[in-house]
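Working notes for the structure below.
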Amino acid sequence: MNAALAAAAATLVGVRFRLHGRDPATGLDCVGLVAEAMRRAGAEPVVPEGYRLRTASVAGLLPIAAANGFTPVDQAVDGDLLLAMVNPVQPHLLVRVPGGFIHAHAGLGRVTFLPGSAPWPLVGGWRVPLPKLPDRT
């Protein structure tokens, strides 16, 4: 379990949604949410720029996953990233957290907690490498 990423994502609930948003002060989209959660958990993400909101293929996203060192997973646990297709041409990233998911919801206009199971088909999942934090004991 990647508790640090799950906890970092939870701190962003309520942040305004903004397409291509990368700053919680002005708004985040799903990619910005993942990048900011990674930063807050101590990582330095490689963030895509200029991507399209709608695409029928997720192939263009895979190099970004590789650039960040994401490890594909078959069974996601809390703190993993999931890629869903909210419709046939719209991929969407979610962070799995205890009891559900954190994601940037365009319709609600903010980052939100989605309880339970994802309502969309899941087409990929990754574990995010985070730096080891110093032992404080």
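FYI, it's all coordinate maths here, none of it is from the lab. Source: prediction; values computed, not measured. Note: ideal-geometry Cβ built from the backbone for every residue, glycine included; neighbour counts use all protein chains shown.
For the chain, the convex hull drawn through the C-alpha positions has a volume of 110 cubic angstrom per residue. Taking a point 7 Å out from the Cα of ARG16 in the direction of its Cβ, the residues of region 102-134 whose backbone N falls within less than 18 Å of it are 104-112. If R0 equals 25 Å, the separation of the Cβ atoms of ASN87 and ASP23 corresponds to a calculated FRET efficiency of about 0.40. Among ASP23, ASP74, ASP80, the ranking by other beta carbons within 10 Å of each residue's beta carbon, starting with the fewest, stands as ASP74, ASP23, ASP80.
3J(HN,Hα) couplings calculated from phi for region 42-47 with the Karplus curve 6.51 cos²θ - 1.76 cosθ + 1.60 (θ = phi - 60°) are, in sequence order, x, 9, 10, x, 8, 10 Hz; Gly and Pro show x.
Would you calculate, for the chain, the mean residue ellipticity at 222 nm contributed by helices, counting each DSSP H stretch of 4 or more residues as -39,500 (n - 2.57) and dividing by all residues, to the nearest 500?
Values: 3 runs with 25 residues, N = 137.
About -5000 deg cm²/dmol.
Could you tell me which residue out of VAL58, GLY27, SER117 lies farthest along the dipole of the chain toward its positive end? Charges go on the beta carbon: Lys and Arg +1, Asp and Glu -1, centred on the Cα centre. Of the candidates, GLY27 comes out farthest on the positive side. Estimated at 0.36 nm per residue, the fully extended path between ALA7 and PHE113 surpasses their Cα-Cα distance by 36.9 nm.
What order do you get for THR112, THR71 when you list them from fewest to most C-beta neighbours inside 10 Å? Don't jump to the answer; show the numbers that get you there.
Working: THR112 18, THR71 11.
Going from least to most buried by this count: THR71, THR112.
Under a Cβ-Cβ cut-off of 12 Å, what is the net charge of the residues other than ALA25 that fall near it, where Lys and Arg count +1 and Asp and Glu count -1? Each step should come with its number before you reach the end.
Working: positive: ARG16, ARG18, ARG22; negative: ASP23, GLU36.
Net local charge, ALA25 excluded: +1.
May I ask you to compute the full-extension gain from VAL46 to LEU62, defined as 0.36 nm times their residue separation minus their alpha-carbon distance, rounded to one decimal in nm?
Computed gain between VAL46 and LEU62 is 4.5 nm.
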